Each structure stands twice: as structure tokens, then as C-alpha cells.
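**Q** Quick one: the structure is below, and I'll ask about it shortly.
The values are calculated or read from the model by the stated rules, or taken from the named source; none is laboratory data. Since this is a predicted model, take the numbers as computed values, not measurements. Cβ placement follows ideal geometry from the backbone for every residue including glycine, while neighbour counts extend to all protein chains displayed.
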Amino acid sequence: MVTTAEGLLIDLISAAAIKHSDAISYLKTLPRPWCKKRSHAAWPIVKDTTYLAPHLAGLPKDLGYDRRAKPVEDLTEVLARKKLPRPPQSPLRTP
């Protein structure tokens, strides 16, 4: 079951993704450079897409989809499970 807050976040994610995709598609049709000729300042749509990308990347975190590293087993545990001899210790490394 999706809560109301989760539903709103899903709607925000989909709207932000569509806006970003549409803006990028529009910019691809225009000649470069994407800046004003006199002041050489970037067009507002270029700034908007620049700010929208990290915003869009952060929204899934609010739903609980954080990037997590996979758990890594210790080499000695893997070798013990496979019943193999332990690798020799480095003379520079002491336990």
C-alpha cells in the first residue's frame, strides 16, 4: 500500500523526470552555445536543467531508495567455508 506522502513523492519524481527530459530534448534542437550573445550568461533553461538534475537524483532517497554498499564477506570466512588453507600473511601487516 502506498501512503499519501509516497504517492506525492512518486508524482514529483515523474514530473521532474519529464520536465528534465523535455528541457534536454528542446536544448538539443537549438544551436550552441546556449548563452546570451551580449552578456554571455547562460540561458535560464540551461540553469534550470542544471539544478533539476541533482534535485531529481535526490528524490528517490526520500522514498527510501538509498545507495547501499553490498555486504562483503571476510576472506578468512570464505576460505573457512570452502575449507581452503589461509593465505600467507604479509610480513608488513601484523594483526
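**Q** List pairs: first residue in the stretch 22-44 and closer than 18 Å to LEU56 by Cα and among the small types (Gly, Ala, Ser), second residue modelled with pLDDT under 90 and surrounded by 11 or more Cβ atoms within 10 Å (Cβ to Cβ) anywhere in the structure, Cβ distance under 8 angstrom, at least six positions apart or on different chains.
**A** Final answer for the pair search is ALA23/ILE45; ALA23/ASP48; ALA23/THR49; ALA23/LEU52.
**Q** Which pairs turn up if I take residues in the stretch 46-74 that are in contact (Cβ under 8 Å) with a residue 12 or more places away in the chain and outside any helix (DSSP H, G or I) and look for partners that are among the hydrophobic types (A, V, I, L, M, F, W, C) and surrounded by 10 or more Cβ atoms within 10 Å (Cβ to Cβ) with beta carbon separation below 8 Å, at least 6 apart in sequence or on another chain?
**A** Once the first residue is in contact (Cβ under 8 Å) with a residue 12 or more places away in the chain and outside any helix (DSSP H, G or I) and sits in the stretch 46-74, its partners that are among the hydrophobic types (A, V, I, L, M, F, W, C) and surrounded by 10 or more Cβ atoms within 10 Å (Cβ to Cβ) give LEU63/LEU9; LEU63/ILE10; LEU63/ILE13.
**Q** Filter the stretch 1-40 for residues that are over 25 Å from the mean Cα position of the chain (by Cα), aliphatic (A, V, I, L, M) and at pLDDT 85 or above and give the result.
**A** LEU30
**Q** From the list LEU75, LEU52, LEU92, LEU84, which one is surrounded by 11 or more Cβ atoms within 10 Å (Cβ to Cβ) and either out of contact with any Ser or Thr (no Cβ under 6 Å at 6 or more places or on another chain) or at pLDDT 85 or above (or both)?
**A** The match here is LEU52.
**Q** Give the number of residues within the stretch 1-42 that are surrounded by 10 or more Cβ atoms within 10 Å (Cβ to Cβ), more than 16 Å from TYR65 (Cα to Cα) and among the hydroxyl-bearing types (Ser, Thr, Tyr).
**A** 2
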